[in-house]
Amino acid sequence: MASDLQKVKSGDPLRIKADTWNTMIDAARAIADQRVRMVAPPAGGTPGRSVLYIRNDSGEDLDWGDVLGIAGPLITPDENETDYRLWTALMGDTPDAAVHRGRFAVLTEPIPAGAIGHAVVTGVIATRVQMNVAGHRFADVLDNDATQLDSAESGSAEILWAATPEGALPETVSAIVRIGTTETAPVDARVSASEAIPATTNRWYYTCIEQELTETGWADKSGGRTFTECLYAGEAYNDGSGVQGNGVDIDGEDFPAGMSLQPIQGSPVVHLWPCRLVVDGSTVVSWRFYGVVNAIDGTCD
């Protein structure tokens, strides 16, 4: 067959055998099939973001900017390994905050119930966000709501822009978000309050207020965030006996009676670091800080 596939020069008579023609048709079909499988960037495709096919299993017709929790692949390796590798498609459900936090897609087009369409899983996209607190910079899924995201102190979508709410919060506003972004840089904040962690000894939750450095010193940041249930790493192994995280042996002979370990005092400005945790199957962000020391205070007996 290879000998039948000969090139011709300009002016040569063109005589195509049936076998040669059929080979050309088979080759053309193979190329076309390969292009279909490779799939060019789908509707809504933009450099820097990932757009995939998703089936709307929410039971409701959805619009662009709506949100589906990712339930798994539409085609599994057991069903068709080739298509699983070459044609990534997802199943999408109504968001469940306990399951889909950090695992969602935003639609780039209307998708009727049971139909397949396009959605962004990483990158920048326009959507809607329920703003709960002015100054929130992140968002994630809103439980049992496919029409919008939910603003928060942390989340897997960074709010790049949001329309100004017109009334009392919470309020749904138009927004542009970047999916797949989690805060990793430290935030300057002052320790403003403390509360004992239940069922522990010498460990506290801290409230911290975001700061900015001005010409006259540190100040509460305008529109900044308030972080609750922050943890001080130096207290991680405090258990109410022996040497505590500040290096003091509270059971030592020279430790004065009537004295005790105290939460962080004096409103110091600290670096808050975000730490990703998995709680009951859901990814959350816990804020921690270092570099300060617990005080000892009380009344000597």
Exercise for the section: For Glu212, indicate whether it is of a type in the set (D, E, K, R) and within 18 Å of the chain's Cα centre (by Cα). Expected result: no
Fill in the blank from the handout: Condition set modelled with pLDDT under 85 and touching a strand residue (DSSP E or B) at 6+ places or on another chain (Cβ under 7 Å), scope segment 253-286, selection nearest to Gly217 (Cα to Cα): answer is Pro274
Exercise for the section: Might you let me know whether segment 270-287 holds any residue that is surrounded by 15 or more Cβ atoms within 10 Å (Cβ to Cβ), over 30 Å from Val141 (Cβ atoms) and without any contact (Cβ under 8 Å) to a residue 60 or more places away in the chain? Expected result: no
Fill in the blank from the handout: Reported set for segment 65-88 where residues are over 20 Å from the mean Cα position of the chain (by Cα) and either under 27 Å from Arg128 (Cβ atoms) or assigned to a strand (DSSP E or B) (or both) is Leu74, Thr88
Exercise for the section: Filter segment 121-138 down to residues that are in a strand (DSSP E or B) and within 13 Å of the chain's Cα centre (by Cα), then give me how many there are. Expected result: 5
Practice task
Kindly establish whether Ile209 is under 17 Å from Leu261 (Cβ atoms) and without any contact (Cβ under 8 Å) to a residue 60 or more places away in the chain.
Solution key: no
Fill in the blank from the handout: The strands (runs of 3 or more DSSP E) lying wholly within segment 153-259 that contain at least 1 residues that are under 29 Å from Ala126 (Cα atoms) and touching a Cys at 6+ places or on another chain (Cβ under 9 Å) are 187-196, 226-232
Problem - Selection status of Val177, modelled with pLDDT of 95 or more, among the hydrophobic types (A, V, I, L, M, F, W, C) and in contact with a Pro (Cβ under 8 Å, 6 or more places away or on another chain) - result: no
Practice task
Check whether at least one residue in segment 220-234 is under 24 Å from the mean Cα position of the chain (by Cα), within 30 Å of Asp66 (Cα to Cα), in the same structural domain as Pro110 (by TED's automatic domain parsing) and in contact (Cβ under 8 Å) with a residue 60 or more places away in the chain, and report yes or no.
Solution key: no
Handout entry: The lone exception for Gly114 - which of (1) within 22 Å of Cys275 (Cα to Cα); (2) of a type outside the set (A, V, I, L, M); (3) assigned to a loop (DSSP other than H, G, I, E, B) it fails
Key = (1)
Practice task
Test Ala98 against the criterion of being free of Cβ contacts under 8 Å to residues at least 40 places away in the same chain, more than 23 Å from Trp161 (Cβ to Cβ) and within 17 Å of the chain's Cα centre (by Cα), and give yes or no.
Solution key: no
Handout entry: Selected residue (criterion: surrounded by the fewest Cβ atoms within 10 Å (Cβ to Cβ)) from residues of segment 125-164 that are among the small types (Gly, Ala, Ser) and within 25 Å of Arg55 (Cβ to Cβ)
Key = Ala126
Handout entry: Subset tally (residues that are surrounded by 22 or more Cβ atoms within 10 Å (Cβ to Cβ) and not aromatic (Phe, Trp, Tyr)) for segment 95-107
Key = 6
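The values are calculated or read from the model by the stated rules, or taken from the named source; none is laboratory data. What you are looking at is a predicted structure, and each value in this text was computed from that prediction instead of being measured. Every residue, glycine among them, receives a Cβ derived from its backbone with ideal geometry; neighbour counts consider all protein chains shown.
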